[in-house]
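Q: Sending over a structure as structure tokens; questions will come in a sec.
What follows is calculated from the coordinates using simple rules that are stated; it is not laboratory data. Please read these numbers as outputs of a predicted model, since none were measured by experiment.
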Amino acid sequence: MLKWLIHRASHRSTGPERLAEHALRELRLELYRAEQGIFDAHMRADYYRSRIVFCEEVLKKGIEQVSDVRRAYQEISPRLRSELKPSGGQPVVSSEPVATPPDPAVSRPVFAARGG
């Protein structure tokens with residue numbers, strides 16, 4: 001019985017290896033959260049860049065010309081999405097912004113979100 005208690009206590013005690021194991025799990029989780037925060041910040045920056053470019057285009061060209069160009073890109077998008085299906089038949093969906101063809105009048109690229 002005494003051997004059983006000693007054996008059980010030795011396996012239940014927190015040694016340096018167990019502490020390191022626990023710390024490693026916590027550090028990996030914190031690293032994941034930090035990387036996710038960076039990813040989210042990049043997405044927000046891309047979103048605001050695209051809004052700024054849109055507003056600049058509206059000021060330069062007027063809303064009619066800008067909406068016509070954006071509508072043309074939206075009409076082309078569904079055709080391209082149907083062609084980009086993986087072999088498993090699952091639609092391609094990404095939360096990362098995708099650069100659309102640049103407008104010669106604007107020096108910055110225009111970003112549009114890809115979805116499915």
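Q: Can you work out ³J(HN,Hα) from phi for every residue in the stretch 30-44, in order, using Karplus 6.51 cos²θ - 1.76 cosθ + 1.60 and θ = phi - 60°, giving whole Hz and x for Gly and Pro?
A: Couplings: 5, 4, 4, 4, 5, 5, 5, x, 5, 4, 5, 5, 4, 5, 5 Hz.
Q: Over all alpha-carbon pairs in the stretch 26-75, figure out the percentage whose distance exceeds 17 Å.
A: Here the long-distance tail beyond 17 Å is 55 percent of all Cα pairs in the stretch 26-75.
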